[in-house]
1. For region 123-144, give me each residue that is more than 10 Å from residue 446 (Cα to Cα), open to solvent by less than 10 Å² (accessible area, probe 1.4 Å) and part of a helix (DSSP H, G or I).
2. Hey, any hits in region 295-307 for a residue that's outside the structural domain of residue 432 (by the TED database), assigned to a helix (DSSP H, G or I) and surrounded by fewer than 18 Cβ atoms within 10 Å (Cβ to Cβ)?
3. Going residue by residue through region 380-392, is there one that turns out to be modelled with pLDDT under 80 and open to solvent by 40 Å² or more (accessible area, probe 1.4 Å)?
4. Just give me the residues in region 218-233 being in a loop (DSSP other than H, G, I, E, B), more than 28 Å from the chain's Cα centre (by Cα) and not β-branched (Val, Ile, Thr), in sequence order.
5. Look through region 266-286, keep the residues that are assigned to a helix (DSSP H, G or I) and touching a helix residue (DSSP H, G or I) at 6+ places or on another chain (Cβ under 8 Å), and return whichever of them is surrounded by the fewest Cβ atoms within 10 Å (Cβ to Cβ).
6. Can you tell me which of 482, 492 is crowded, with 24+ Cβ neighbours inside 10 Å and not hydrophobic (A, V, I, L, M, F, W, C)?
7. Just to be sure before I move on: is residue 470 open to solvent by less than 10 Å² (accessible area, probe 1.4 Å), within 29 Å of residue 249 (Cβ to Cβ), part of a helix (DSSP H, G or I) and modelled with pLDDT under 85 in the structure I sent?
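The values are calculated or read from the model by the stated rules, or taken from the named source; none is laboratory data. Fair warning: this is a prediction, and the values are worked out from it, not measured in the lab. Cβ: placed from backbone, ideal geometry, glycine included. Neighbour counts: every protein chain shown. The area values use the complete protein model at the heavy-atom level, side chains included, leaving out ligands, DNA and RNA. Shrake-Rupley method; radii C 1.70, N 1.55, O 1.52, S 1.80 Å.
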Amino acid sequence: VVKFRRTGESSRSDEDGISGEHEVQIEGVRTELEPVELGDGAAVPKEFANPTDDTFMVEDAVEAIGFGKFQWKLSVITGLAWANAMEMMILSILAPQLHCEWRLPSWQVALLTSVVFVGMMSSSTLWGNISDQYGRKTGLKISVLWTLYYGILSGFAPIYSWILVLRGLVGFGIGGVPQSVTLYAEFLPMKARAKCILLIEVFWALGTVFEVLLAVVVMPTLGWRWLLILSALPLLLFAGLCFWLPESARYDVLSGNQEKALATLKRIAMENGAPMPLGKLVISRQEDRGKMRDLFTPPFRWTTLLLWFIWFSNAFSYYGLVLLTTELFQAGDVCSISSRRQEVKAKCSLTCEYLTEEDYTDLLWTTLSEFPGVLVTLWIIDRIGRKKTMALSFLVFSFCSLLLFLCVGRNVLTVLLFIARAFISGGFQAAYVYTPEVYPTATRALGLGTCSGMARVGALITPFIAQVMLESSVYLTLVVYSGCCLLAALASCFLPIETKGRGLQESSHKEWGQEMVGRGSHSPGESQE
């Protein structure tokens, strides 16, 4: 007997069960099935579950509704928040400009970059906690509006100390933008999750490319102040569209707001033109949300520590390469930097060089490398898994860093920087896929927030390596970056959990992935009895 319901009916009670449901007796179906034994505490695989169960979870609804119009809209809106890459890319353009215009020594130039990461580092965990306590949508909206306000205000900074404070406040807001990934991931079906999270990373790449193109047009005519103001455009668009964003249904269920979660799921089903699952939405066990100690429980202790180092290495190497690119292009190659340092010693310490049109062109080419990085990661992440993808990305970056020891010409230098940036950005993207998948709903935003905070520690340190240490020894600088990525590759291999092919964990009180065992294991051509 197969029970089904007409499209549009989403819940059932004992009173309307007769009128709303229909039964069909299918002849010729084998009724004697072999018994299946399950171990103690094991979850019932979906292929053996009763299709007429009276309850369903948010995960079941998300999988049943699938990917559709709603997720496309969500991709664009969360992508606009993710285009805050413009606020990061501007650092490599703004630093040499202010170095010359305000006659800043190198340590003040490095501090201008680092203060942004200080703000991000100090706020990432806070935004994660807010998102776990008060909702993903709330944390994301406040952080984006904060970034927008201080981003525009920094364009009016009269002196160095003012721009230092205002860019630090911009960094404080940017620390909450990664929560867009948490909100986005919780609305995605399992099979589409990795691809979709990687595809909104395209907005990061678009943001960096648009920033360079904007700088080419704005810097020679309007100057750096207008560049700072116009760089806030994507966040302005997000602020205008964020009223459409729903709260995460997973968060609503975990916080006991069943009716709101059900309304959100019905809205998604309506927009996607898909039916809701049969039965009643299950309310998850109420848990304390956003507690730091939950990241260090036995199932997650090593995962948390290894992920912190992986995120640290990712940001340390990625932003280090962004800053090194400007320095290397101004010098021509690594050997030119070494010889130039000898000449600079006899000159004034405030000697500076503005970025030329050729520098902007090469900066654009290396920025475009993030698109192949997305495509490569997209192709391998569901084939070899999340852990191996991150390890491979770190290894390739480390190898390219070592090749920079050779006195190569500008064209070969551009190619090596292109490949290195493609793979380190791919590793970053893989980490953004893996981290929301590995933590349960109660600590997902906090887990991502703390990892993002550790990334900002790496980003905070990297200007003093890529800009200050570089003046002493370019080779030592490259060894530091290469060695860090080799260790990060090992850390990726030692992660205890592989999330490929698994659903998002709802409760921290169950074995990891227990709720999704057996789901999605059948191909369309397989028959089920």
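1. Within region 123-144, 123, 136, 139, 140, 143, 144 qualify.
2. Filtering region 295-307 for residues outside the structural domain of residue 432 (by the TED database) gives none.
No, that holds for no residue.
3. Taking region 380-392 and keeping what is modelled with pLDDT under 80, we get none.
No - not one qualifying residue is present in region 380-392.
4. The initial filter retains those residues of region 218-233 that are in a loop (DSSP other than H, G, I, E, B), namely 219-223, 231-232.
From what's left, more than 28 Å from the chain's Cα centre (by Cα): 219-223.
Within region 218-233, 219, 220, 222, 223 qualify.
5. Within region 266-286, the subset assigned to a helix (DSSP H, G or I) is 266-272.
Now drop any that are not touching a helix residue (DSSP H, G or I) at 6+ places or on another chain (Cβ under 8 Å), which leaves 267-269, 271-272.
Numbers: 267: 13, 268: 23, 269: 22, 271: 15, 272: 16.
Here the residue is 267.
6. On the way: 482 fails: crowded, with 24+ Cβ neighbours inside 10 Å.
That would be 492, the only listed residue that is crowded, with 24+ Cβ neighbours inside 10 Å and not hydrophobic (A, V, I, L, M, F, W, C).
7. Details: open to solvent by less than 10 Å² (accessible area, probe 1.4 Å): yes; within 29 Å of residue 249 (Cβ to Cβ): no; part of a helix (DSSP H, G or I): yes; modelled with pLDDT under 85: yes.
Spelling it out, it is not the case that residue 470 is open to solvent by less than 10 Å² (accessible area, probe 1.4 Å), within 29 Å of residue 249 (Cβ to Cβ), part of a helix (DSSP H, G or I) and modelled with pLDDT under 85.
Each row is one residue, and each column tells you yes or no for (1) touching a residue at least 60 places away in the same chain (Cβ under 8 Å); (2) open to solvent by less than 10 Å² (accessible area, probe 1.4 Å); (3) outside the structural domain of residue 450 (by the TED database).
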| residue | (1), (2), (3) |
| --- | --- |
| 81 | yes, yes, yes |
| 89 | yes, yes, yes |
| 97 | yes, no, yes |
| 101 | yes, no, yes |
| 118 | yes, no, yes |
| 151 | yes, yes, yes |
| 158 | no, no, yes |
| 162 | no, no, yes |
